[in-house]
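Read-outs throughout are calculated quantities, based only on the coordinates presented, and are distinct from any laboratory measurement. The structure presented is a predicted model; accordingly, all values stated were derived computationally and were not measured. Every residue, glycine as well, gets a Cβ built from its backbone with ideal geometry; the counts of neighbours run over all protein chains shown.
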Amino acid sequence: MKKQSIITILLLVSILAVAGYVAVEFVHKRTLEKENNQALQALVVEEGQAGFTDLNGNNVKLNDYLGDILVVNSWASWCPFCVAELNDFAKLANEYADSDVHVLAINRKESKEQAQRFMKSAKLPENKIVFLLDPDDRYYEKIGGFGMPETVFYDKDGVIFLHKRGPIKLDEMREVIELMKNND
């Protein structure tokens, strides 16, 4: 009788463990789908809707980069991690300048003048980063941002491969891009 009780308890524990695992995986999958949907919405600009403005005043639409790997960094002059990180993004952009990888840096809610002062004081090297202004903070809100800086790596279909909250090092950036290229 005792052996039967132990088997019953083990069976119930196993069933509960499997049910718990399935529930956690379902919630995780739904969260990723929601985040990817929001992030794709951040990329796609509807007809007639304004994109973002570069430092020369040109309108830039992120969906123009669909079909390529896109690395988008959210930054602001008040962010202590942004100086080092933007220098690393400049290196990354130069390394992949002749490829299908594009690096964009979207400034959060600051004026063009403030962003340019920061960039000058940070002594960013000449690079292939596309610097964009987002005075309404639309992009950051669409990706569900809550930390600074935040970087989103999009695959060629505009789906998030990695959403990194907080600083990211150059070696990690390279690793992510190489993983993305190998997953094509």
Q: Go through segment 61-109 and count every residue that is assigned to a strand (DSSP E or B), of a type in the set (G, A, S) and closer than 19 Å to K156 by Cα.
A: 1
Q | Members of segment 113-143 found to be over 22 Å from K164 (Cα atoms) and charged (D, E, K, R), listed by number | A | E113, R117, K120, K123, E126
Q. Identify, please: which residue in segment 161-184 is of a type in the set (A, V, I, L, M, F, W, C) and more than 18 Å from F146 (Cα to Cα) and is, among those, surrounded by the most Cβ atoms within 10 Å (Cβ to Cβ)?
A. M173
